[in-house]
Every structure is written in C-alpha cells, then in structure tokens.
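This report refers to the structure that appears directly beneath it.
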Amino acid sequence: MSKKQFQTEVNRLLHLIIHSLYSHKEIFLRELISNSSDALDKLKFLTFTDENYKGINFDPRIDILFDNKEKTLTVSDSGIGMNEQELDENLGTIARSGTRNFINNMTGDAKKDSNLIGQFGVGFYSGFMVADKIEVISRKAGDDTAYKWISDGQEEYSIENTERESHGTTVKLFLNSEGEEFANRWSIQNIIRKYSNHVPFPIYLHFEDTRFEGEGDDRKEIKENKIDQVNSAAAIWRRQKSELKEEDYFEFYRQISYDMEDPLLYMHTQAEGTLDYSTLFYIPSKAPFDLFRADYKGGVKLYVKRVFITDDEKELMPTYLRFVRGIIDSEDLPLNVSREILQKNKVMAKIRSSSVKKILSELESCKNTNREKYNIFWKEFGIPIKEGLYQDFENRDKLVDLVMYKSTKVDDYTTLSDYVERMGPDQNSIFYITGGKEGVLKNSPLLEMYRKKDIEVLLLADDIDEIVITTVPKYKDFELRSVNRSDAANDLKSDDDKEREKRIEPLVNKIKEKLGDNVKNVIASTRLSDSPSCIVADENDPTVQMQNLLKAMGQSSFGEFKPVLEINPDHELIKKLENSNDETFIEDISFILLDQAMLVEGMELKDPHGFVIRMNKILNRAF
Ligand code: ADP
C-alpha cells in the first residue's frame, strides 16, 4: 500500500466544496452517477471503435447499494475503469487546468470564491460533503488487476491492490452525520429521478424489502433483497429522430410537463459542429395557469451531457416564450455551471438564440400549413408573442409575421400579410383601431367611413396592443396607421370631401371659438357617416386610449393632451347648426358634441355637471 499527498489545490478544493456547496449536498450523487455514466460512455465508444474492446463482455449499468446500519452508500458501474496510475492522477490531482487556475488564484475572499466554485465541475470530491471516508475500487477494462483507493479527504490517500470481478468502478461512501440521511431507499430514488432520470444507462437500486405473511401469531416478517431500476434511462432527445414516433414525444412531454393534454407542437433539434447540443421543445395546447404571473415557472430544463442541471433558470428562454416546455442538453457546458455563468456564457447564448429562431420558424410553418392549429396557438399564446415585439428586436421581423388580429373583413384572425393581399390598389397604409374590446371597436364611429369605402381595419382589442403596435411602424412597405389619430383620414379625402370641408368652415371656426382651450383643434371629418362627431388624438400625441393607459399606470406627468374634435358635415344636426344664429344654442351644442364623443371613447368628462345642465336645456327646447 502506498500513501500519497493530495495535490495542494485538491486540498483547497475539498475545503471549498465542503464549505460552500453545503446547502446542495445531495448533488454528490448526481456527480458520482455522472462520472459512472461518462465511464460507460467511454467504454461503449471503444466497443464500437476499437478492435481490442470488441470482444469484451459489456453490460452497461449503474448499481446503487446502501446499508442503513453501517451508513454506507455505494455507486458501482461497469464502465471503463481506472488503472493504478489513473486512480492516482484522477483522484489525487486536479486535471483540468481551468479549475486548477481558479484554485490557484483564489483571493482568500471566501465568500466570493465560494460563489464562483459552482461553475467548475466539483465532481468526485463532492462526496466528501457527506462522507468521512471514501473507498474506490476500480479495474480498467482489458486489465486483470484491480486497485483500491482510500481517503478520508484530509491530506492523503492510499492505493493498494485488490480484486474486482470485472471491469468498472465502485465508489463506497462511509457517510458522516451530514450524509446519513442518504442511506435510504426513498431519498436515493428521489435524487436520481430529480437529477439523473435521463442518464441513458439503467440505474439499479438494491434494497431490502420487508413484507408480512400470515395472521395473528403466525404473522411473519419476510425480508427480501430486491433490485429496482429507478431511472427511465431514455434520453429521448439523443435518439435519432427517425427512430421516434409521435407517441414517444408525447409520452416524454407528459413526464416533463405534468400536462394531461397532448402538446400542440414539438420540435426536436440535434446540432453538431461548432456546438454540440440537442433540444426538444413543446408548445402546450393550453396556456399554463401562471402565464401572466411575474413569478411564473420556466418550462425548459437544462441538461449537460444528459445530466440534469436546472429547471429553474428563466434565462434559458426569453420571457415572451415562457410557455415553451422542453429540454436543452449541451455537450459544451461544465456540469456545475452556475446561474451567474449561464447568463453570461457564450455557448448558452448561442444555443438560446438558435432555439428561439427554431421555435419561431416552426410556428411560422404551422401558421402556413395548418391555420386551424395555429389559431388555437394564437388564442392561447398570442399575447406573449406580442410581448416579443418589444422585447426581441433581433427577431422582430419573424414575430411580426406571426402576429394576428381580428379585423373588419374576416371572421377569424388575420395576419398582416393576408391583410396586405386583400388591400385595394390605391391603399397605401394598414389601418387599425384600438381602445376597447372587439365588440366596442367594431361599432366605433371612427370606422364608419372606412366601411363605406370598403377599407379593412384591424381591430386591436388586447390591452397590450396599444403599447406594442407603436413599436411596429411599418410592415413591408406599408405604414401602420391608427384610425384613432387625426391624420389617418387624410388619405381618404376625396374632392367631395374637400368641398364639404370648405362649406362647413364657418361653423368649424365658430365651434373652435366656443370650445376654446378644451380642444386642440376642430376639423371637418371625412370618416364619419352616422355620428355627428368624434374625437381623435393629434398625430403627434398619444391616442386617447394610450393616455388612459398611462393614467392608469400612474404616469400623469406627461401633461394633458387635448383632443381633436371632428364633426360630420353630412349629419342632420350639424347641418341645422350651420343655419342657426343662436349663439348660446351653438355654444351648448358644441360642448355636447365634444362631451358625447368623449363618452363614446370611454373618457371621463371634465365637467359632468355642465354637461347635464346643457342636456336639460336642449331637452327643454324640444317641447
Ligand atoms: P470530472 O468528472 O469533472 O472530470 P471528477 O473529479 O469527478 O472530475 O473525476 C476526475 C476523473 O476521474 C474523471 O475525469 C475520470 O477520468 C475519473 N473518474 C471518476 N469517476 C470515474 C468512474 N466511475 N469511472 C472511471 N473513471 C472515473
């Protein structure tokens, strides 16, 4: 037996692990299983590629044993194994230069260092968080001799010759008081299912089962040794797409989402080249209950080399895609990648960016090939996709193409490109209306003239539309214009309109004079047909609805925007007013025209009392 000193950095690393990862001590099992899985991967590769290993008896598996009385936990694999030199090098030094440099450059600022440690693979040494002695018995595939490595994780370790039935590695932890709880069937099972369920080799848990037989005095306790496979062992995303059926994907979806319904879409990507990763994403059929909660739970799990890393990292997807479920599995990230590192990591950023593009292009093709399905998607997730328009500048063009609205010309939703297809040859802009639910918008007086001229108007009925649409000034070559603004109607002016405008000018001026400071302007309307008046926002001001929204959000500092009053030259009431010389009557009617237009837009009147007095005066005149 030879006794050896740990490399200085190992001692420091051990110290760090024990003191800084303390709150996550259960991860030691994930680390050991991950090492076993790697060792199995390595041997598997050799049996495929190396003549010397082709004849080897390879039954890839990981076995977990525990002894509740002795307080031991053993992880055993039939992988590649280690010879004496490898045991010495792998478990006595720190091979990876990145980790070594980090340890060497430790500042002594314990807190800062312990936050950083998470980004390096802590690996095997994490066992010392829960054990005061670790014994490793290993036999390299192809060799006859086995070796035993023992250490208490203090300064030294020893290596001696021993026996092992076949190739592979057995790691036995002698649990300390911190680790005792892990010598237990249920806690082992839970940790494996949580972190290592998709390790692609079977993990068997050995346990003693107790059952009772007989009745009364004959009742006997029977103990039986049993072995259960605890993981699903199927990293479905790593399997060839051609091998997988829709049902396989659906089954996995159920497992990760706990959703009873089948997903609407799934997309499976296996990227190789500069970056090696697989992704498997699902779009659920129903929006999750917390879709609009700030504390929503992200739906994408991160794996590194098939080992579960986290399901609590919102950075894996942009916020507006928070309804996406699935996994990302990277070959190029370190196992213990911390949250801080994930957020800055270039590999992660690339995977994320291609994942977003992939999801958006799948949605695009669903929209083009299966509108019925896309409509379901849109009803559930249209609002978050619209959020994307102001969150994700890079993909804005793609997102604009995904957006759909209700409109005055179609029963269901329409895309902007469908709208453009339907446009008449003289129409140069895309028109939309905001400020209320669909039913209210459809009946707005602002639409009267558009209807008459057979111009389609999009009905932007979601609260978020008002804010989002301002970030989309154009679609292709066409400007998006709000019919709620005074300039939108300019395009519609005909020669007749201009004539009417001229005719009504004296009245317009009079009303302007009567209303004074209460309006920004009074103009002859070209868009009204049944209503006598309407209000719109000046082209440079936020729309009335936007003003209401800003007010509701407590932003009153923008000052007050005065409305533009449009009056309808063809309306009977206006015509009568033109012929009147009664100044007080004209003044009363002017205010009523303004107030009723404001009421229709759902605005508060500045002087409701004055409105009622004028109304009653007019009513009185009627008798
Ligand atoms: P990491 O796995 O991150 O490289 P570890 O400290 O966990 O770091 O392990 C160091 C090395 O020891 C591994 O790279 C591997 O070569 C070897 N090793 C650990 N566990 C096993 C095992 N079960 N079978 C074979 N080799 C192993």
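The values are calculated or read from the model by the stated rules, or taken from the named source; none is laboratory data. Quick caveat, the model's predicted, so the values are computed rather than measured. Cβ: placed from backbone, ideal geometry, glycine included. Neighbour counts: every protein chain shown. Side chains are part of the model used for accessible areas, which takes the heavy atoms of the whole protein and leaves out ligands, DNA and RNA. Shrake-Rupley method; radii C 1.70, N 1.55, O 1.52, S 1.80 Å.
When you go through I18, I94 one by one, which is the residue that is surrounded by 17 or more Cβ atoms within 10 Å (Cβ to Cβ) and within 14 Å of the ligand (Cβ to nearest atom)?
I94
State all residues of region 296-339 that are more than 12 Å from the chain's Cα centre (by Cα) and assigned to a strand (DSSP E or B); if no residue qualifies, say none.
Result: L302, Y303, V304, V307, F308, I309, T310, I328, D329, S330.
Determine, yes or no, whether G298 is touching a residue at least 12 places away in the same chain (Cβ under 8 Å), under 20 Å from I192 (Cα atoms) and either crowded, with 17+ Cβ neighbours inside 10 Å or in contact with a helix residue (DSSP H, G or I) (Cβ under 6 Å, 6 or more places away or on another chain) (or both).
Spelling it out, it is not the case that G298 is touching a residue at least 12 places away in the same chain (Cβ under 8 Å), under 20 Å from I192 (Cα atoms) and either crowded, with 17+ Cβ neighbours inside 10 Å or in contact with a helix residue (DSSP H, G or I) (Cβ under 6 Å, 6 or more places away or on another chain) (or both).
For region 141-182, how many residues meet the condition of being in a strand (DSSP E or B) and of a type outside the set (V, I, T)?
The number of residues fulfilling the criteria is 15.
Here are L29, L13: which of them is surrounded by 14 or more Cβ atoms within 10 Å (Cβ to Cβ), at pLDDT 90 or above and closer than 21 Å to K133 by Cβ?
L29
Have a look at L43, L65 and point out the one that is open to solvent by less than 40 Å² (accessible area, probe 1.4 Å) and either within 10 Å of the ligand (Cβ to nearest atom) or under 41 Å from the mean Cα position of the chain (by Cα) (or both).
From the options L43, L65, the qualifying one is L43.
Answer yes or no: is there a residue in region 244-264 that is open to solvent by less than 50 Å² (accessible area, probe 1.4 Å), modelled with pLDDT of 90 or more and in contact with a Lys or Arg (Cβ under 9 Å, 6 or more places away or on another chain).
Taking every residue of region 244-264 in turn, at least one turns out to be open to solvent by less than 50 Å² (accessible area, probe 1.4 Å), modelled with pLDDT of 90 or more and in contact with a Lys or Arg (Cβ under 9 Å, 6 or more places away or on another chain).
For region 571-623, what are the residues that are closer than 22 Å to F561 by Cα and assigned to a loop (DSSP other than H, G, I, E, B)?
Once the filter is applied, which keeps residues that are closer than 22 Å to F561 by Cα and assigned to a loop (DSSP other than H, G, I, E, B), region 571-623 yields E601, G602, M603, E604, L605, K606, D607.
Quick check on region 183-197. Is at least one of its residues outside any helix (DSSP H, G or I), farther than 18 Å from K25 by Cβ and in contact with a helix residue (DSSP H, G or I) (Cβ under 6 Å, 6 or more places away or on another chain)?
No.
With respect to the numbered conditions (1) within 17 Å of C534 (Cα to Cα); (2) in a helix (DSSP H, G or I); (3) touching a Ser or Thr at 6+ places or on another chain (Cβ under 8 Å), which one is the sole condition not fulfilled by I504?
Condition not satisfied by I504: (3).
Can you confirm whether K220 is open to solvent by 60 Å² or more (accessible area, probe 1.4 Å), in contact with a strand residue (DSSP E or B) (Cβ under 8 Å, 6 or more places away or on another chain) and without any contact (Cβ under 8 Å) to a residue 24 or more places away in the chain?
Yes: the conditions hold for K220.
Just to be sure, is I192 of a type outside the set (D, E) and within 36 Å of the chain's Cα centre (by Cα)?
Taking the combined requirement at face value, the residue satisfies it.
Residues in region 602-614: is at least one modelled with pLDDT under 90 and either farther than 21 Å from D517 by Cβ or touching a helix residue (DSSP H, G or I) at 6+ places or on another chain (Cβ under 6 Å) (or both)?
There is at least one residue in region 602-614 that is modelled with pLDDT under 90 and either farther than 21 Å from D517 by Cβ or touching a helix residue (DSSP H, G or I) at 6+ places or on another chain (Cβ under 6 Å) (or both).
For the subset of region 71-85 comprising residues that are touching a residue at least 24 places away in the same chain (Cβ under 8 Å) and more than 40 Å from the chain's Cα centre (by Cα), which member is farthest from the ligand (Cβ to nearest atom)?
K71
Restricting attention to region 348-375, which residues are touching a Phe, Trp or Tyr at 6+ places or on another chain (Cβ under 8 Å) and without any contact (Cβ under 8 Å) to a residue 60 or more places away in the chain?
Those that are touching a Phe, Trp or Tyr at 6+ places or on another chain (Cβ under 8 Å) and without any contact (Cβ under 8 Å) to a residue 60 or more places away in the chain: K367, N375.
Does T210 count as surrounded by 15 or more Cβ atoms within 10 Å (Cβ to Cβ) and not in a loop (DSSP other than H, G, I, E, B)?
no
Among what's in region 135-173 and is of a type outside the set (D, E, K, R) and more than 16 Å from the ligand (Cβ to nearest atom), pick the residue that is farthest from the chain's Cα centre (by Cα).
N161
Would you confirm, using the coordinates I've provided, whether D228 is within 27 Å of S37 (Cα to Cα) and open to solvent by 50 Å² or more (accessible area, probe 1.4 Å)?
yes
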